[in-house]
There are 6 protein chains.
Amino acid sequence: MNNRTLLTKRVDFSASHRYWNPKWSAERNKKVFGKCSNKYGHGHNYSLEVTIEGDVDPDTGMIINLYDLKPIFDDVLKDFDHKHLNEDNPYFLDMIPTTENIARVLWNIIGEKLQANSNCRLYRIRVYETPDLFVDYWLE
Amino acid sequence: MNNRTLLTKRVDFSASHRYWNPKWSAERNKKVFGKCSNKYGHGHNYSLEVTIEGDVDPDTGMIINLYDLKPIFDDVLKDFDHKHLNEDNPYFLDMIPTTENIARVLWNIIGEKLQANSNCRLYRIRVYETPDLFVDYWLE
Amino acid sequence: MNNRTLLTKRVDFSASHRYWNPKWSAERNKKVFGKCSNKYGHGHNYSLEVTIEGDVDPDTGMIINLYDLKPIFDDVLKDFDHKHLNEDNPYFLDMIPTTENIARVLWNIIGEKLQANSNCRLYRIRVYETPDLFVDYWLE
Amino acid sequence: MNNRTLLTKRVDFSASHRYWNPKWSAERNKKVFGKCSNKYGHGHNYSLEVTIEGDVDPDTGMIINLYDLKPIFDDVLKDFDHKHLNEDNPYFLDMIPTTENIARVLWNIIGEKLQANSNCRLYRIRVYETPDLFVDYWLE
Amino acid sequence: MNNRTLLTKRVDFSASHRYWNPKWSAERNKKVFGKCSNKYGHGHNYSLEVTIEGDVDPDTGMIINLYDLKPIFDDVLKDFDHKHLNEDNPYFLDMIPTTENIARVLWNIIGEKLQANSNCRLYRIRVYETPDLFVDYWLE
Amino acid sequence: MNNRTLLTKRVDFSASHRYWNPKWSAERNKKVFGKCSNKYGHGHNYSLEVTIEGDVDPDTGMIINLYDLKPIFDDVLKDFDHKHLNEDNPYFLDMIPTTENIARVLWNIIGEKLQANSNCRLYRIRVYETPDLFVDYWLE
């Protein structure tokens, strides 16, 4: 039997977004997205849970040291925290910043940084838009 | 590699229930179920987490629109919210409304409605009886 | 200047209740209380916060020892936990078990027991029916 | 001795805001408000706790019926939920939408509506910007 | 009428402590403090809520800028976070680090720093030892 | 298709720990573990989620009766609750009590007791060190 050990670290960020498909009329946007289509956007306290899989280092008892994880998170969140995701973030120029899309974008960015800076692999990304709504994303 | 995207929506409902097996004596019910066998029942603020899997629609950035999910939840919860599950709910006429059974019943009802009204499939049902006790149910 | 030190202990209990005024018609009960008037009742995970004021004992650094508080709570909750408050509790024979009334009843019972068993005084009772709805009660 | 009974109801809303004083230079705004001065704003899941004091009606056991409170909240939140408070809300045309100012504005609006529609009085407004930061406001 | 505006900021710290009165026998310590008297101590994720009262600055809309509050908190928590409060903190050399005493010590330290560095006054200190047990402390 | 039913029960314990590798110099310990290497340790309110898989007994509607689970948890937690894990627990004599190692140890102990006392199998152990950091462990 194989043992599986996953470490999950949660970080929070505050951002705003707007649901708007530029290929659609204002009426259709309003019909599909409701108040999420309001012109100036609205915002959330997002929570991001990053789940990492790896082998436990017998010298440290850890999969990964949080001191090594922190700069990765700080670097990634610079484009998300206190930003309007439609206006002020390079990843949503052509894509609506729904929770589904945010999770996928964060998977790609964090996964790449983890691969470059550690022996661990990204297992799953979870993004909470509110405590009652969240998306899980992973590749398998 | 395949990407997996899951959306989870949590909704709450308040209900009461009683653990009582009519095939057993009062003594045995009391011995097995303790204070959960009290005659008039007791209650909980249940939380239901419905996890849905689907493809992200490139036009909306969503697996499923919450505006489409809401009528399904409203319809299902009519039999659960502010009800005594043993007395006032069609699903527990012959079955004790434990968290395990509630999760299975909700899987069946919600799964059927999702299949009829969306391109998504139900991935998992989680029911919290209290913040410290919950059941996951799925078919695979 | 006087220092004020308050200790608050939270305990949880699960109960069911029904809002029903026997002096009213079924129609009026339904109109005023809505689904809370359903015949068999419904339930909640209540949280009770008991706030106590007293002097800090220099030998223990405590207002009151939790080991002394626990039997008081256990004794009080015997009539509330896993009960239907309308049917199975001595305090609501002639009174609707709303959160307001539950808070007042608990103030009276716990205040009397504290006075008999400690040098502290009850400062405030808070009862959460759900995380989004609570009542504070005190005498001054 | 007088008894005091307070009922608190929490409601949530999602909004965005920007900290920017138009009388100041961009440099000074940046220095004082940091990333909260970012051009397009950012957002939060705000929680609003409305605390109401009143006499318990012996016929209902309630200070105020939640069915009477709900239309007041719905009406008030129309200007806050899914809005950019600087751009899309009538109350912050000349005022920075900090948590302190949001609490004062909500006190004024809700207090007036309560006075016109109930026998209760507003006791306190609490606004959470995040779970770790909140403001209380009241008049005395 | 006067308006009152309070800002509360929560910060967390992890510490260990032991309840032990050196004037007492081991038996008495064990009897009074139970497992809290265990030799090597145990620990908690404490949450500290600092509530501040002040006038809202019309230029900023704030009582106090969080950027000014942060260095005060960082400075104070150096003696508490990741410390054994009995062994490794200057304030509990002759005092048992109960939640009551921790709250009073934090009131004194933070109140002094606030007075020296701001126009605000400390209104209340709340310390959570666990989510179910907390102490409020203030001077009046 | 097969149905899967999992029951998860959460229990809390308070403990302290220290990250220290005796094969390393003090400098290296300080460099790798930072303030977690402080001499006297620090502590946490840990939360343990035990997830169990089994068949639902048609007579009880349960996978396992919580009355049968409680003595197992009580027995296990005797070595963890209100303990310094490095000094006062038999499992960490030669192993650093990181969250990863705590999860593995608890898997082994609880899994064995479940096997001896029930028809269920342990599915997963989750240990929260703080609400923002947790480890999942299982064998497959």
Report task. Find every distance from the label point of F:Asp59 to the corresponding label point in the other copies (7 Å from Cα along Cα→Cβ) and write them in nm, one decimal, shortest first. Result -> 5.3, 5.4, 5.7, 5.7, 7.8
Report task. Place a +1 charge on the Cβ of each Lys and Arg in the protein assembly as shown and a -1 charge on the Cβ of each Asp and Glu, then give the dipole magnitude about the Cα centre in debye, rounded to the nearest 20. Result -> 0
Report summary line: Projected onto the charge dipole of chain C (unit charges on the beta-carbon of Lys, Arg, Asp and Glu, signs +1, +1, -1, -1), the Cα from C:Trp20, C:Pro97, C:Tyr67 with the largest positive-side position is that of C:Trp20
Report summary line: If N is the residue count of the stretch B:4-137, its Cα Rg over 2.2 N^0.38 Å rounds to 1.18
Report summary line: Rg/Rh over Cα atoms for the protein assembly as shown, Kirkwood Rh, comes to 0.94
Query raised in the report: How long are the three semi-axes of the equivalent ellipsoid for the stretch D:92-140, computed from the Cα gyration tensor as the root of 5 times each eigenvalue, in whole Å, largest first?
Result: 21, 14, 8
Query - 10 Å Cβ neighbours from other chains, averaged over peptide F:69-80 - result: 0
Query raised in the report: Taking springs between alpha-carbon atoms closer than 10 angstrom, which of C:Asn45, C:Asn108, C:Asn117 fluctuates most in the Gaussian network model of chain C?
Result: C:Asn117
Report summary line: The answer for the stretch E:4-137, accessible area per residue at 1.4 Å probe in Å², is 43
Report summary line: For the stretch E:1-65, the convex hull over Cα atoms projects on average to an area in nm² of 7.8
Query raised in the report: Name the chain B residue with the Cβ nearest the axis that maps B onto E: which is it, and what is the distance in angstrom?
Result: B:Pro131, 5
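Let me know the charge dipole size of the stretch F:4-137 about its Cα centre in debye, to the nearest 20, where only the beta-carbon of Lys, Arg (+1) and Asp, Glu (-1) is charged.
Charge dipole, the stretch F:4-137, about its Cα centre: 720 debye, nearest 20.
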Query raised in the report: Which of the trypsin sites (Lys or Arg not before Pro) across the stretch B:1-82 are loop residues per DSSP, with 15 or fewer other Cβ within 10 Å?
Result: B:Lys23, B:Lys39, B:Lys78
Report task. Using only protein heavy atoms and a 1.4 angstrom probe, determine the accessible area buried between E and C, summed over both sides, in Å² to the nearest 100. Result -> 2100
Report summary line: For the stretch A:1-64, the accessible surface attributable to carbon and sulfur atoms (probe 1.4 angstrom, ligands and nucleic acids excluded) amounts in percent to 48
Report task. For F:Arg28 and F:Met95, compute 0.36 nm times the residue count separating them, minus their Cα-Cα distance, and round to one decimal in nm. Result -> 22.4 nm
Report task. Report the residue, chosen from D:Ala15, D:Ala26, D:Ala103, that carries the largest GNM mean-square fluctuation when chain D is represented by alpha-carbon nodes joined by springs under 10 Å. Result -> D:Ala26
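The values are calculated or read from the model by the stated rules, or taken from the named source; none is laboratory data. Note that the structure is a prediction, hence the values are computed from the model and not measured. When we count neighbours, we look across all protein chains shown, and the Cβ atoms used for this are built from the backbone with ideal geometry, even at glycine. To get the accessible areas, we keep the full protein, side chains included, count just its heavy atoms, and leave off ligands, DNA and RNA. Shrake-Rupley method; radii C 1.70, N 1.55, O 1.52, S 1.80 Å.
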